[in-house]
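Here is the structure we will look at, set down as structure tokens.
The values are calculated or read from the model by the stated rules, or taken from the named source; none is laboratory data. This is a predicted model, so every value here is computed, not measured. Quick reminder, even Gly has a Cβ in these numbers, built from the backbone with ideal geometry, and neighbours come from all protein chains shown.
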Amino acid sequence: MIINASAFETRVALIEGGHVAEYYIERQKDRGIVGSIFKGRILRVLPGMQSAFVDIGLDRSAFLYGGDIQPPGGPTNELPEFLEDDDKTSLTATSDDGPQPAAEGPIPGSHRPQRFFKIADLAKEGQEVLVQVAKDSIGTKGARITTYLSFPGRYVVLMPNINHVGISRRIVNEDERLRLRNIVQRVRPDGMGIIVRTASEGVSDEKLTADIDFLLKLWENVKAKASKSKAPSLVHEDLNLVFRATRDLISRDLERIVIDNKDVYEDVVRFLNRFSVKLGAQVQFYQSDTAIFDAYGIELEVARALGSKVWLKSGGYLVIERTEALTAIDVNTGRFVGGKSLGDTIVKTNLEAVKEIVLQLRLRNIGGIIILDFIDMDRADDRDRVFNALVEELKKDKAKNSALRISEMGLVQMTRKRTEESLSQKLCTPCPYCEGKGEVKSPATVSYDIIRELVREFSKIPAETFVLKAHPQVIDRLCEEDAEFVQEIRERFSKKIMLKTAQEFHLEQYEVSPLR
């Protein structure tokens, strides 16, 4: 894990197999609020949508779905459908147990109790509620919130509103699962929920109990502060990116953490030594003159991740296109010609594409509906082979995801939990010239647009001379290939045209005005 920390921005990259697998960025002026707890006031209840808008003190009202409201009667004994003995993180706000049919963490995520309540029975306008941000504002949508609070620690996640004990699915040893369950059952208060995280495997009773005690004290402090606060107000702010990363991304597979900021390095060592001296020893302070993200090749990989085309080692490539409703990923053989047969070439390309697709989903943080267009495979066995490889790769992804089998047309429909903006949304803004289309008009098209505009202006304005300002490529076009058309309208209207290049204009921009 590589951490680049500065006064204005913090960046974290997780490197797997020599490639950047996950990338997180937090800017001081627009820090995310996922995991933070607010005391809010319900502004409006929408029975038709089973939801409510809540003022939590942000520019936009937060969105509270009916299934995210704790029903009356205290902590529920019914585990919400997304909470099934999962390990939780709040960095990506999803389970780290890989793709599961029902595996979404309490931060963030929707919590739909099995009993159904109408929103009107759960929320009233003007009512004050204690809520946790489940999903940051994305685009024009306000933050998604829930009343099912959760507090992630190093080894466990505390859930005050759910009476349940869960063990991470990644802990497979039955004796260890039983040991951990017995410890938690012994120390947890009645009505409290605790999920044991993967990192707790092999951890002593004392460390596990200390983690639970810390989270219980944190919950008591949140309750005390909430009782004294006026809505809307911030009650509890989650850890910054550096500490969320060190808390949530550390596993037995993590070899080291490299940090380029001395103060942050010392803070992380102290933070980790609270849990394990060995973990603290994995942290290294980076002191080279070369920027840390340059030294590890991260800047280059992130730059590539902002493009639409991704080359595969074999010579094939992916094309990744995002639309308003979904993301489409197309697999192509490109320069790869294979060695045995066409079918063998296609399968090899698709198998190679599977690994790169999952890597790009994680790196770019692509969420929502995703359509994978593999190269058509005639044999059902080949389709199954590629799909099974996809399922195995998706297990590396912490974000909740699900995928349908490959169709005869080579398409896979899948979804991936979206909890924050994608990499391109965080780092880029829509092009002001093409307005997000990714294309601009050609010089020929702009030239013909200008000729039509000249005809309109000549017909309306009695001036004898007009000035045309346009991009140099367009002026060249008007003076060369389209010169005869310009001359024709000059003679037709008996007008003079002064052509001027404008270096500051973008390709589609032009200006026609009478000479003053």
Could you look through segment 37-54, keep only residues that are of a type in the set (G, A, S) and buried (at least 19 other Cβ atoms within 10 Å of the Cβ), and pick out the one that is nearest to Y65 (Cα to Cα)?
S51
So V268 clears everything in (1) at pLDDT below 85; (2) not in a loop (DSSP other than H, G, I, E, B); (3) not assigned by TED's automatic domain parsing to the domain that holds L372 except one condition, right? Which one?
(1)
Could you list, in sequence order, all residues of segment 142-190 that are surrounded by 23 or more Cβ atoms within 10 Å (Cβ to Cβ), β-branched (V, I, T) and within 19 Å of E237 (Cβ to Cβ)?
I145, T146, V157
Need the failing condition index for G343 against (1) at pLDDT 90 or above; (2) assigned to a helix (DSSP H, G or I); (3) surrounded by fewer than 14 Cβ atoms within 10 Å (Cβ to Cβ), just the number.
(1)
Identify, from the list I212, I257, the residue that is of a type outside the set (S, T, Y) and in contact with a Gly (Cβ under 9 Å, 6 or more places away or on another chain).
I212
Within segment 468-478, work out how many residues are touching a helix residue (DSSP H, G or I) at 6+ places or on another chain (Cβ under 8 Å) and farther than 17 Å from V455 by Cα.
5
Condition (residue is surrounded by fewer than 11 Cβ atoms within 10 Å (Cβ to Cβ) and small (G, A, S)) applied to segment 481-497: is it met by at least one residue?
yes
Of the numbered conditions (1) closer than 30 Å to M1 by Cα; (2) buried (at least 18 other Cβ atoms within 10 Å of the Cβ), S402 satisfies every one except a single condition; which is it?
(2)
Might you check whether a residue that is in contact with a strand residue (DSSP E or B) (Cβ under 7 Å, 6 or more places away or on another chain), in a helix (DSSP H, G or I) and not polar (S, T, N, Q) occurs anywhere in segment 493-502?
no
Exactly one of F214, F285, F243 is farther than 29 Å from V133 by Cβ, touching a residue at least 12 places away in the same chain (Cβ under 8 Å) and not β-branched (V, I, T), and that one is F285
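Yes or no, residue by residue, for (1) small (G, A, S); (2) under 22 Å from Q132 (Cα atoms):
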residue	(1), (2)
V157	no, yes
G193	yes, yes
A224	yes, yes
I250	no, no
D253	no, no
Quickly run through segment 145-177 and pick out the residues that are in contact with a helix residue (DSSP H, G or I) (Cβ under 8 Å, 6 or more places away or on another chain) and either without any contact (Cβ under 8 Å) to a residue 24 or more places away in the chain or over 22 Å from D190 (Cβ atoms) (or both).
I145, T146, R154, S168, R170, I171
Among the residues of segment 366-390, write down those that are surrounded by fewer than 24 Cβ atoms within 10 Å (Cβ to Cβ) and part of a loop (DSSP other than H, G, I, E, B).
I366, G367, I375, D376, M377, D378, R379
All conditions in (1) under 28 Å from the mean Cα position of the chain (by Cα); (2) outside the structural domain of S150 (by TED's automatic domain parsing); (3) not aliphatic (A, V, I, L, M) are true of D289 except (1)
Kindly indicate the residue of segment 405-440 that is loosely packed, with under 12 Cβ neighbours inside 10 Å and of a type in the set (D, E, K, R) and also farthest from G142 (Cα to Cα) among those meeting that condition.
E408
Of all strands (runs of 3 or more DSSP E) completely enclosed by segment 144-232, which ones contain at least 1 residues that are over 25 Å from T246 (Cβ atoms) and assigned by TED's automatic domain parsing to the domain that holds L130?
144-146, 165-167
Residue hits (segment 1-49; in contact (Cβ under 8 Å) with a residue 24 or more places away in the chain, closer than 30 Å to A231 by Cβ and part of a strand (DSSP E or B)) are E26, I37, F38, K39, G40, R41, I42, L43, R44, V45, L46
